[in-house]
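A short write-up of the structure that comes next.
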Amino acid sequence: MEWRRALVEIGQFGGAEIAELFAVVRGIEGELEEGKVRQVLAGKVLANLFYEPSTRTSSSFYAAMVRQGGSVIPINDVTYSSVSKGETLADTVRTLACYADVIALRHPADDATLQASRVCPVPVINAGNGKGEHPTQALLDLYTMVRELKLEEAAELRGRVVAFVGDLLYGRTVHSLVKLLRLYSVKVVLVAPAALQLPYTLRQPDDVEMSLADALAVADVLYVTRVQQERLPVELQGELRGVGFAYRVGVAEMARAKPSMVLMHPLPRVGEIEVAVDGDARAAYFRQMRYGMVVRMGVLRGMVG
Ligand code: ASP
């Protein structure tokens, strides 16, 4: 399906769609720098429908809409909505489609956006579905790599080493990003405890598993994630509590990394990257959030602009 009709999974993007979107996003960055953002979403309404906690995704979609002249219906805590009365996702989505031109949906079920898109007359955006995918995060992560590595286009990532660190089993941002990077023949390095390794369905034969120390020596991008405690089965919770500390990136680790390495994290961090690293020029995670808003501005412009 065309992503402008429903953005369900990252597989809807090929190289051409990425190039087209990133050209728009680059233009929006320029508009922001000049303080003259085109108000192309004036009169348009986004419904933010979040069944799971969110800080960055919900507020960046909000800002992305408002900065372009649009407005937002924020539903961030479904406990206070009719969902608590037992309403189905399909009915909630259909209702919101009466008021909004586009819906950003975060939900604990991996197939929620797909199901919603089948009944929803307006475009739906997957804003994070369970342990499945988080496609707009992958788009902003890729954009961050392009900008931070000072590339002209994503195709120049070919042959670069991207090391994924942490919970690669339940981390949906990793799932979407790994799929997206396959378009560009990136070398994928996996740094994770055996119980949280990347699912085989997402692997390719030349992916390599490494220790954090080895990965630090070769990585062009280090993509660190937290352990998704809320998604771990009960039997793993005790065993994996505190596992993040084995993958902690501090000043000592950064000293072993390439001077040009880009350190990323989708956030929130819960100890995986020491605060002392924040001042390192390679620490890109807060700039990554800024790129996130701009990329989502581009996504919304494409869908309802
Ligand atoms: N914020 C990201 C997500 O919603 C990453 C995380 O929660 O660990 O998936």
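Please treat every number below as a calculation from the coordinates, not as lab data. Computed from a predicted model, the values in this text were never measured in an experiment. Methodologically, a virtual Cβ is constructed for each residue, glycine included, from the backbone with ideal geometry; neighbour enumeration extends over all protein chains shown.
Give the residue list of chymotrypsin sites (Phe, Trp or Tyr not before Pro) in region 95-203 that are DSSP loop and have at most 13 other beta-carbon atoms within 10 angstrom.
Working: sites: TYR99, TYR143, PHE164, TYR170, TYR184, TYR200; in loops: TYR99, TYR170.
Answer in residue order: TYR99.
Need one number: nm distance between label points at ARG4 and ALA23, each 7 Å from Cα along Cα→Cβ, rounded to one decimal.
Between ARG4 and ALA23, the simple spin-label model gives 1.3 nm.
What is the sum of charges, Lys and Arg at +1 and Asp and Glu at -1, for the other residues whose Cβ falls under 9 Å from the Cβ of LEU190? Provide the component values of the computation, followed by the final result.
Working: positive: ARG203; negative: ASP207, GLU209.
Taking every other residue near LEU190 into account, the sum is -1.
Report the charge-dipole magnitude of region 151-203 in Debye, nearest 20, computed about the Cα centre from +1 at each Lys and Arg Cβ and -1 at each Asp and Glu Cβ. Working shown, then result.
Details: 7 positive and 4 negative charges, 41 e Å.
Roughly 200 debye, rounded to the nearest 20.
All other residues with a Cβ under 12 Å from the Cβ of GLN39 taken together, and with Lys, Arg as +1 and Asp, Glu as -1, what is their net charge?
Values: positive: LYS36, ARG38, LYS44, ARG67, ARG301; negative: GLU31.
Its environment carries a net charge of +4.
Using 0.36 nm per residue of separation minus the Cα-Cα distance, give me the extension gain between ALA276 and ALA252 in nm, one decimal. Walk me through the intermediate numbers first.
On the way: separation 24, 0.36 × 24 = 8.64 nm, distance 1.03 nm.
My answer for the length gained is 7.6 nm.
Can you compute the charge dipole magnitude of the chain about its Cα centre, using +1 on each Lys and Arg Cβ and -1 on each Asp and Glu Cβ, nothing else charged? Give it in debye, rounded to the nearest 20.
On the way: 34 positive and 35 negative charges, 101 e Å.
Roughly 480 debye, rounded to the nearest 20.
Roughly what % of DSSP beta bridges within the chain run antiparallel, to the nearest 5? Walk me through the numbers on the way to the answer.
Numbers: 1 of 33 bridges.
Within the chain, antiparallel bridges account for around 5 percent of the total.
Amide H neighbours of VAL249 under 5 Å, at least 5 residues apart or on other chains, H built in the peptide plane: list them.
Answer set, sorted by chain and number: ILE273, GLU274.
For the residues HIS134, HIS107, what sequence is obtained by ranking on other C-beta atoms within 10 Å, fewest first?
Working: HIS134 27, HIS107 22.
The order, fewest Cβ neighbours first, is HIS107, HIS134.
Work from the charge dipole of region 252-305 (Cβ charges, +1 for Lys and Arg, -1 for Asp and Glu, about the Cα centre) and give the residue of GLY298, MET264, ALA283 farthest towards its positive end.
The Cα lying farthest towards the positive end belongs to GLY298.
Can you tell me the orientation of helix 15-34 relative to the chain, as the angle in degrees between its alpha-carbon axis and the longest Cα principal axis, to the nearest 10?
Here the helix axis deviates by roughly 80 degrees.
Which GluC sites (Glu not before Pro) in region 141-220 pass both tests, a DSSP loop state and at most 10 other beta-carbon atoms within 10 Å? Write down the numbers at each step before the final one.
Details: sites: GLU148, GLU152, GLU153, GLU156, GLU209; in loops: GLU152, GLU153.
Counting only loop positions with at most 10 other Cβ atoms within 10 Å, the GluC sites (Glu not before Pro) in region 141-220 are GLU152.
Quick check on packing: order 210-220, 268-278, 113-123, 30-40 by the mean number of other C-beta atoms within 10 Å, highest mean leading.
113-123, 210-220, 268-278, 30-40
Check which residues have an amide H placed less than 5 Å from ALA47's amide H, if you skip close sequence neighbours.
Amide H neighbours of ALA47, under 5 Å, 5+ apart: ILE73, ASP101, VAL102, ILE103, ALA104.
Quick check for me: using +1 on Lys/Arg Cβ and -1 on Asp/Glu Cβ, what's the dipole size of region 82-215 about its Cα centre, in debye to the nearest 20? Mind dumping the intermediate values first?
Working: 14 positive and 16 negative charges, 31 e Å.
That gives region 82-215 a dipole magnitude of about 140 debye.
Need the C-alpha centroid separation for region 1-38 versus region 79-110, integer Å.
25
Taking K and R as +1 and D and E as -1, what net charge do the other residues with C-beta under 9 Å from the C-beta of GLY305 add up to?
Numbers: positive: ARG38, LYS44, ARG301; negative: none.
For residues surrounding GLY305, the net value is +3.
What is the Cα centroid distance between region 265-286 and region 177-242, reported in whole angstrom?
18
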